[in-house]
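The block underneath contains the structure these notes are about, expressed in structure tokens.
The values are calculated or read from the model by the stated rules, or taken from the named source; none is laboratory data. Nothing here was measured: the structure is a model prediction, and the numbers come from that model. When we count neighbours, we look across all protein chains shown, and the Cβ atoms used for this are built from the backbone with ideal geometry, even at glycine.
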Amino acid sequence: MNSNGSSTPEAFRPVPRTGVIYVMTEAERLGFRMHHEDWCNLGQGQPDTGELPGAPPRIDDVRIGAFDQDYAPIAGLWELREAIADLYNNMLRRGLPSQYTAENVCISGGGRVSLMRACAAVSQINLGHFLPDYTAYEELLDIFRRFTPIPILLDPERGYRFTTEQLRREILGRGLGALLMSNPCNPTGKLVGGEDLSDWVGIARELDCTLMVDEFYSHYIWSGDNQIESAARYVEDVDRDPVVIFDGLTKNWRYPGWRVTWSIGPKKVIEAITSAGSFLDGGASAPMQRAAVELLDPKIVQAETQALHTAFKEKRDLLVAGLRELGVRFDCEPEGTFYAWGDLSALPESVNTGMSFFKAALEKKVITVPGTFFDVDPGQRRIGRPSRFRHHTRFSYGPDKATMERALERMREIVDSAP
């Protein structure tokens, strides 16, 4: 016990839980366990991992070869890196003169690990990030002190749209060397796609501001012309354009437990990210990487994407309509991801904040994530001040349809019985 009466040794700081970890921990205190049928988990960012009509058969058996007992290379197995580069070239860059190779790809053991490697490799710059955005960015942007995180506010009144003119002004006015963003955005579901995304890549190229794009939901696209949207589609030179993309099997292939993810970008950047991996995490699992190669076949990817579009679009429409009936409002309907970002301010006062609704929903065995967790605040510089998103909540339609229907029934009971 230290001098402050705490049981934590003085050598360690209290580390806050990310939003999802917080809500899952609170649910576990009330008896929640994964795959417990009595609970409706609209909190955790995990898609339904079971069979979907029209999707390729799920892999439920992984062979471990003799060489898989060894460490995998820090950058990942060469054959998987080649398969990823080929997939991007085949599906997003066909006919373009500049093509990705295995040297443009680095494998990591999870999405946060890939982002952590990149942040560890960033130099002393101003790094912009949007509000709201992915909860885990908060600690990620604080722990590496070499760069300065710069918040950029998105307006609910504008449906979280951010124009190319605004982007140019922020980069020039704040001297941004890089911009970290999820696209489509977790939690709002807002998509920067098509001509807008092409312009963003062009501005990054012109002003030498690196786009660090978290594309883990890039196959869950509900607006625009493309079922899959990626900044890679608009890169001119894969080794010169300052665009680094993060993706993996976690969401778009619905294999979160495999912990196989990747970064793709200019070779020199990938070399730096790989070097960071050598002291941060040591590399991803060899057998899971080897098993992942077959999942990168374009025909398998197309079939999986089509199947999840059919299934998840139906769940999206079900959840959004059901929440609207409860009085939940939306600054923008989800254009991507499997999240609905709801404004609860019109609900009865006892449940019209994200935290009060979360606590009431837990009693009904429904898990949600309060919006304040997405008001990313590295270093807690705004601590004690009210969050712009205190009336918001993120609802996930990742679970199966039956779970969504049960959750809506229980949330109706919460609203109807609220004083």
Exactly one condition in (1) in contact with a Leu (Cβ under 8 Å, 6 or more places away or on another chain); (2) part of a helix (DSSP H, G or I); (3) more than 30 Å from P73 (Cα to Cα); (4) not charged (D, E, K, R) is not met by L347; state its number.
-> (2)
Those residues that are part of a loop (DSSP other than H, G, I, E, B), within 21 Å of T250 (Cβ to Cβ) and charged (D, E, K, R), I need them from the stretch 34-82; list them, please.
-> D48, E51, R58, D60, D61
Tabulated pairs, the stretch 271-286, first surrounded by 16 or more Cβ atoms within 10 Å (Cβ to Cβ), second at pLDDT 95 or above and of a type in the set (S, T, N, Q), C-beta under 6 angstrom, 6+ apart or interchain | I273/S263; A284/S108
Only one of (1) aliphatic (A, V, I, L, M); (2) touching a Cys at 6+ places or on another chain (Cβ under 9 Å); (3) surrounded by fewer than 22 Cβ atoms within 10 Å (Cβ to Cβ) fails for I367. Which number is that?
-> (3)
Restricting the stretch 194-243 to residues that are touching a residue at least 60 places away in the same chain (Cβ under 8 Å) and in a helix (DSSP H, G or I), which is surrounded by the fewest Cβ atoms within 10 Å (Cβ to Cβ)?
-> R233
Of all residues in the stretch 56-91, which are farther than 29 Å from S230 by Cα and of a type in the set (S, T, Y)?
-> Y71
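Let's see how each residue does on (1) over 23 Å from the mean Cα position of the chain (by Cα); (2) assigned by TED's automatic domain parsing to the domain that holds R33; (3) surrounded by fewer than 18 Cβ atoms within 10 Å (Cβ to Cβ); (4) at pLDDT below 95:
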site: L319; (1), (2), (3), (4): no, yes, no, no
site: I383; (1), (2), (3), (4): yes, yes, yes, yes
site: T393; (1), (2), (3), (4): no, yes, no, no
site: E405; (1), (2), (3), (4): yes, yes, yes, no
site: L408; (1), (2), (3), (4): yes, yes, no, no
Within the set of pairs 6+ apart or on separate chains, which have a first residue in the stretch 93-121 that is in the same structural domain as S230 (by TED's automatic domain parsing) and modelled with pLDDT under 95, a second that is basic (K, R) and assigned to a loop (DSSP other than H, G, I, E, B), and C-beta atoms under 6 Å apart?
-> G110/R259
Exactly one of S114, S123 is closer than 26 Å to R381 by Cα, crowded, with 19+ Cβ neighbours inside 10 Å and either in contact with a Cys (Cβ under 8 Å, 6 or more places away or on another chain) or among the polar types (S, T, N, Q) (or both), and that residue is S114
Is it fair to say A75 is surrounded by 21 or more Cβ atoms within 10 Å (Cβ to Cβ), assigned by TED's automatic domain parsing to the domain that holds D241, under 16 Å from I264 (Cβ atoms) and within 21 Å of the chain's Cα centre (by Cα)?
-> no
Reported set for the stretch 168-184 where residues are in contact with a helix residue (DSSP H, G or I) (Cβ under 8 Å, 6 or more places away or on another chain) and more than 23 Å from D247 (Cα to Cα) is R168, I171, L172, L176
What residue, of R13, R17, is surrounded by 10 or more Cβ atoms within 10 Å (Cβ to Cβ), over 16 Å from R254 (Cβ atoms), modelled with pLDDT under 85 and of a type outside the set (A, V, I, L, M)?
-> R17
Out of all the residues in the stretch 248-294, which are of a type in the set (D, E, K, R) and not in a helix (DSSP H, G or I)?
-> K251, R254, R259, D281
The one condition in (1) in the same structural domain as E138 (by TED's automatic domain parsing); (2) not in a helix (DSSP H, G or I) that V376 fails to fulfil | (1)
Scope the stretch 25-34; condition surrounded by fewer than 19 Cβ atoms within 10 Å (Cβ to Cβ), closer than 15 Å to P399 by Cβ and under 22 Å from the mean Cα position of the chain (by Cα); matching residues | M34
(1) crowded, with 19+ Cβ neighbours inside 10 Å; (2) within 20 Å of P56 (Cα to Cα); (3) among the β-branched types (V, I, T); (4) outside the structural domain of R240 (by TED's automatic domain parsing) all hold for T310 apart from (1)
